[in-house]
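Structure, as structure tokens:
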Amino acid sequence: VSVVVVHAHPCPESLVAAALGRTLAGLRCAGHEPHLIDLYASAYDPALPIPPADAAAVTAATSLVFVHPTWWTAHPAILLAWIDQAVDVGPANVRRLVTVTTLGGSRIGNLLAGESGRRVIDRAVRPRCALRPPHRRLALYGVDTSTAKQRAGFLDRVEARIGALVE
Amino acid sequence: MSAQDRRAYFSAKPLACASVAADAQLVRRAGGLVFVYPTTLSTVTPGVKGWIDRTLVPGVAFNLDTGPRRGLAHLRHLVGIVLHDDARAKVRRTGDNGRRLIRRNVRLCGGPRTRTTWLAMYGCGVAEVAERAAFLDRVEHGMMLT
């Protein structure tokens, strides 16, 4: 049992960074020892191969958790680059794909705009994982106009539910 | 998008980096916006995605304060010149998320006069020389029309 958490927000003061903290807390509470890959904090460079420790973690991982903001309905570029390298490394044992994300627009607005990021995981990444794992999401829509209560509720939901979504 | 870019995003001056500001100025004056990329993971390359995230910010592509003002309404042409390793049937089955991102999401910022042109080559991994040449001709011809 091995959970790899990939984080892609540049600002430590962001809501997504807070969601990362609660993700890790929820996973530890459920008895996991997550391997964290923080792309901005570790100054990930897509021109170089994935560091050996991270590559080994991806190969051994039974769950991959992506914690990221959704910009233009899709992943940040740095995360796209990392995922592209990671599927080449071979997520051979992944049984769960989980996304923890915030989206600026409303649910209906994102639907109209195509939700391309969600589909990248469902249709391009999932088939590249040997076991065709299901993709589960914990998402806060309309974060640009959200209230403090909604944001707190999202963070609580992430911490409470993340443990049950991984394997 | 760097921390500096992101912190500036919702401020009065969202273009924190000089080279990105220069690109945004080009977009404001442009008659057409053309994306040229090889499809990666069913979507645009990270380079294109990063450019969209950093350049098409509030005040350039859209405006958060004054409602759904379409920042790219001045564009007459929105063009994609796109390569796919997979065959057309497989792309159709698995979904073309780069096309979705540009033809839906970026297009939403355009206006009634913004026309979209999509020039795609499928099965690039196994294409013969003649097929490649034909695609290049099609691109040149298509760009003359636009």
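For region A:145-154, which residues satisfy the criterion of being surrounded by 14 or more Cβ atoms within 10 Å (Cβ to Cβ) and in a loop (DSSP other than H, G, I, E, B)?
Within region A:145-154, just A:SER146 meets the criteria.
Evaluate region A:98-112: report whether one residue or more is in contact (Cβ under 8 Å) with a residue 12 or more places away in the chain, in contact with a strand residue (DSSP E or B) (Cβ under 6 Å, 6 or more places away or on another chain) and within 24 Å of B:ARG93 (Cβ to Cβ).
Yes, there is a match, as at least one residue in region A:98-112 is in contact (Cβ under 8 Å) with a residue 12 or more places away in the chain, in contact with a strand residue (DSSP E or B) (Cβ under 6 Å, 6 or more places away or on another chain) and within 24 Å of B:ARG93 (Cβ to Cβ).
Search region A:71-115 for residues being part of a helix (DSSP H, G or I), in contact with a helix residue (DSSP H, G or I) (Cβ under 6 Å, 6 or more places away or on another chain) and more than 10 Å from every other protein chain (Cβ to nearest Cβ), and hand back the single one that is most open to solvent (accessible area, probe 1.4 Å).
Across region A:71-115, the extreme among qualifying residues is A:VAL89.
Six or more apart or on different chains, Cβ atoms under 9 Å: show the pairs whose first residue is in region A:148-159 and over 17 Å from A:PRO69 (Cβ atoms) and whose second is surrounded by 14 or more Cβ atoms within 10 Å (Cβ to Cβ) and polar (S, T, N, Q).
Going by the 9 Å Cβ cut-off, the qualifying pairs are A:GLU159/A:THR23.
Just to confirm my filter: which strands (runs of 3 or more DSSP E) fall fully inside region B:32-125 and include at least 1 residues that are open to solvent by 50 Å² or more (accessible area, probe 1.4 Å) and within 12 Å of chain A (Cβ to nearest Cβ)?
Working: elements: B:32-38, B:77-83, B:115-121.
By residue number, B:32-38.
Mind checking whether some residue in region B:117-124 is more than 19 Å from A:THR73 (Cβ to Cβ) and out of contact with any strand residue (DSSP E or B) (no Cβ under 6 Å at 6 or more places or on another chain)? Walk me through it before giving the result.
The first filter runs over region B:117-124 and keeps only residues more than 19 Å from A:THR73 (Cβ to Cβ), leaving B:117, B:119-124.
Those left that are additionally out of contact with any strand residue (DSSP E or B) (no Cβ under 6 Å at 6 or more places or on another chain): B:122-123.
There is at least one residue in region B:117-124 that is more than 19 Å from A:THR73 (Cβ to Cβ) and out of contact with any strand residue (DSSP E or B) (no Cβ under 6 Å at 6 or more places or on another chain).
Suppose we keep only residues that are among the hydroxyl-bearing types (Ser, Thr, Tyr) and surrounded by 15 or more Cβ atoms within 10 Å (Cβ to Cβ) within region A:17-58. Which one would you say is farthest from the chain's Cα centre (by Cα)?
First pass over region A:17-58, keeping only residues among the hydroxyl-bearing types (Ser, Thr, Tyr): A:23, A:40, A:42, A:44.
With the extra rule that they be surrounded by 15 or more Cβ atoms within 10 Å (Cβ to Cβ), the set shrinks to A:23, A:40, A:44.
Details: A:THR23: 10, A:TYR40: 14, A:TYR44: 16 Å.
In this case the residue turns out to be A:TYR44.
Only one of B:ASP85, B:ASP65 is without any contact (Cβ under 8 Å) to a residue 40 or more places away in the chain and of a type in the set (D, E, K, R). Can you tell me which?
Working: B:ASP85 fails: without any contact (Cβ under 8 Å) to a residue 40 or more places away in the chain.
On inspection, the qualifying residue turns out to be B:ASP65.
Considering only residues of region B:98-116 that are in contact with a strand residue (DSSP E or B) (Cβ under 6 Å, 6 or more places away or on another chain) and among the β-branched types (Val, Ile, Thr), which is nearest to A:PRO76 (Cα to Cα)?
Ranking the candidates gives B:ILE102 first.
Going by the structure shown, is B:SER11 within 14 Å of chain A (Cβ to nearest Cβ), surrounded by fewer than 21 Cβ atoms within 10 Å (Cβ to Cβ), out of contact with any helix residue (DSSP H, G or I) (no Cβ under 6 Å at 6 or more places or on another chain) and over 24 Å from B:ARG99 (Cα atoms)?
Working: within 14 Å of chain A (Cβ to nearest Cβ): yes; surrounded by fewer than 21 Cβ atoms within 10 Å (Cβ to Cβ): yes; out of contact with any helix residue (DSSP H, G or I) (no Cβ under 6 Å at 6 or more places or on another chain): yes; over 24 Å from B:ARG99 (Cα atoms): yes.
Criteria met by B:SER11.
Of all residues in region A:119-144, which are without any contact (Cβ under 8 Å) to a residue 24 or more places away in the chain and either outside any loop (DSSP other than H, G, I, E, B) or surrounded by 20 or more Cβ atoms within 10 Å (Cβ to Cβ) (or both)?
Here is the first cut: in region A:119-144, the residues without any contact (Cβ under 8 Å) to a residue 24 or more places away in the chain are A:119, A:122-124, A:127, A:132.
Selection gives A:ARG119, A:ASP122, A:ARG123, A:ALA124, A:PRO127.
The values are calculated or read from the model by the stated rules, or taken from the named source; none is laboratory data. These numbers come from a predicted model, not from an experiment. Note that each Cβ is placed from the backbone with ideal geometry, even for glycine, and that neighbours are counted across all protein chains shown. To get the accessible areas, we keep the full protein, side chains included, count just its heavy atoms, and leave off ligands, DNA and RNA. Shrake-Rupley method; radii C 1.70, N 1.55, O 1.52, S 1.80 Å.
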